[in-house]
Amino acid sequence: MEPAVERGLPVERRHRLRHRALEPPGLPGPAGPGPPGGDRRPGRSRNGCRNHRGPWQEQVEHSGRVLQALTFAPTGAIVAAATTSLPESIGGDRNWDYRYTWVRDASFTLQALATASCDMEKGAFFGFLARAAATQLQRGVDLQVMYGIGGERDLSERPLPHLTGWRHSAPVRTGNDAWRQRQLDVYGELLDAAHQCLPHEMPLDLPVRTFLVQAVEAAARRWSEPDQGIWEVRGPSRHFLHSKLMCWVALDRAIDMAPALQAADRVQDWKAIREEIRTTIEGEGWNDQMGAFSQSFGSEELDASALVLALVGFLPGNDPRVRSTVEAIRSQLTDARGLVHRYLKDDMPTQEGTFLLCTFWLAHALAISGDVSGARQVFETALAQANDVGLLAEEVSSATGEALGNYPQALSHIGLVNAARAIHEAEGSSPR
């Protein structure tokens, strides 16, 4: 931290943590789902996050420890990063506050925690999401995209003009106005998280069933609306492919969980809407001229989030459209180092770096599509961006190779863990 930034930091009452009542009756507490009468005290997993026995075992275990360190034990919240306003472009204005929990990150986070065997953190994180989401859905309020670590909802963004910022990258911000946005992918993230954490055959407790059904019904009702998308675009709303995809995920996972949700009477309607979303994505999301799925309906922009089509099981990895999209992203969105940009342009005045999460997504998608050698190559390229203590930033500068953005970045470590698992599984299924 620069001396100018370090000196005189005000301690403001409005930024001190205030715990809020986030526990509607019957929902899991901070230690998450667990056996009746079991030890549910917040804390760290006793097994030390050791489960993965495939390649890069040391790096996977280390990433599990990073996720533990980013966990606020009293509530189970996992922050996106431990910092605010480290710039995505040196001297620019892409400086955001990441000291919050995003619902958007839920399903990939839980996959990574499961791979790293961080069972206590996995249960606690889902419990936090369940309590935060239920308190809004039960009031008929749209599901918020992010929360404070104590469940705070008003995360209003404001600049701190008395701070110069890292290497004069201003403004320094506290709060994040993305909390006000409409991001329809959150319903799929929540249902996929529940699908990973909860039993599918045994009926769930009434409060859990109620809020999950409310979430899937919201996805069924709202999937055709435009939104700001996974990347929190601050321009006009659009019909982003990734948002439609995650609404499909919400319905798909709810159908599989219908016995636990005691929602057999809704399955036929959910199946019909799921099929409608699939037809729309395949018809309006695919661009013949690009030979790839596009960022949003009617656009000719590539977006690395299209890699998620295979990661969530919408299409198999060997589908020609998946392979074509993967190759388009690999050839058009990667820099000279082989690191992946989210997309090529947006409405911001400054350019950002390559995204490590998207690079790990590419490795993951290549593994699923059968190109294990290519997956390993991309994975190693991303892994090489870790610093001397194994921590990953959000982005890497194409020009200088410098780490950019808030740090350490949970999603980068989550992408590492999930890609390592996918490559290990692909190697196990490949002919010898």
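A few notes on this one:
- Condition met for A384 (over 18 Å from E327 (Cα atoms) and out of contact with any strand residue (DSSP E or B) (no Cβ under 6 Å at 6 or more places or on another chain)): yes
- Filtering segment 206-233 to residues that are of a type in the set (D, E), within 16 Å of A250 (Cβ to Cβ) and in a loop (DSSP other than H, G, I, E, B) leaves only E225.
- Applying the condition of being of a type in the set (S, T, N, Q), touching an Asp or Glu at 6+ places or on another chain (Cβ under 7 Å) and farther than 19 Å from T135 by Cα to segment 165-204 and asking which residue is surrounded by the most Cβ atoms within 10 Å (Cβ to Cβ) yields N176.
- Residue in segment 306-319 that is within 23 Å of T359 (Cβ to Cβ) and polar (S, T, N, Q) present: yes
Let's see how each residue does on (1) surrounded by fewer than 21 Cβ atoms within 10 Å (Cβ to Cβ); (2) more than 17 Å from A106 (Cβ to Cβ); (3) touching a Pro at 6+ places or on another chain (Cβ under 7 Å):
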{"position": "V216", "(1), (2), (3)": "no, no, no"}
{"position": "A220", "(1), (2), (3)": "no, yes, no"}
{"position": "W231", "(1), (2), (3)": "yes, no, no"}
{"position": "R238", "(1), (2), (3)": "yes, yes, yes"}
{"position": "S243", "(1), (2), (3)": "no, no, no"}
{"position": "A254", "(1), (2), (3)": "no, no, no"}
{"position": "M257", "(1), (2), (3)": "no, no, no"}
{"position": "A264", "(1), (2), (3)": "yes, yes, no"}
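- Scan of segment 318-367 for residues that are touching a residue at least 60 places away in the same chain (Cβ under 8 Å), over 20 Å from Q59 (Cα atoms) and not polar (S, T, N, Q), ordered by number: D335, A336, R337, R342, Y343, D346, D347, M348, P349, E352, G353
- For segment 335-382, filtered to residues that are modelled with pLDDT of 95 or more, under 19 Å from E394 (Cβ atoms) and of a type in the set (D, E, K, R), the residue that is surrounded by the most Cβ atoms within 10 Å (Cβ to Cβ) is R342.
Residues are listed down the side, and each one gets a yes or a no for (1) at pLDDT below 50; (2) out of contact with any Phe, Trp or Tyr (no Cβ under 6 Å at 6 or more places or on another chain); (3) surrounded by 15 or more Cβ atoms within 10 Å (Cβ to Cβ):
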{"site": "E2", "(1), (2), (3)": "yes, yes, no"}
{"site": "E6", "(1), (2), (3)": "yes, yes, no"}
{"site": "A31", "(1), (2), (3)": "yes, yes, yes"}
{"site": "D39", "(1), (2), (3)": "yes, yes, no"}
{"site": "H52", "(1), (2), (3)": "no, yes, yes"}
{"site": "G64", "(1), (2), (3)": "no, yes, yes"}
{"site": "L86", "(1), (2), (3)": "no, no, yes"}
{"site": "I90", "(1), (2), (3)": "no, yes, yes"}
{"site": "N95", "(1), (2), (3)": "no, yes, yes"}
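The values are calculated or read from the model by the stated rules, or taken from the named source; none is laboratory data. Everything numeric in this text was worked out from a predicted model, so none of it was measured. As a convention, Cβ positions derive from the backbone with ideal geometry for all residues, glycine included, and neighbour counts pool all protein chains shown.
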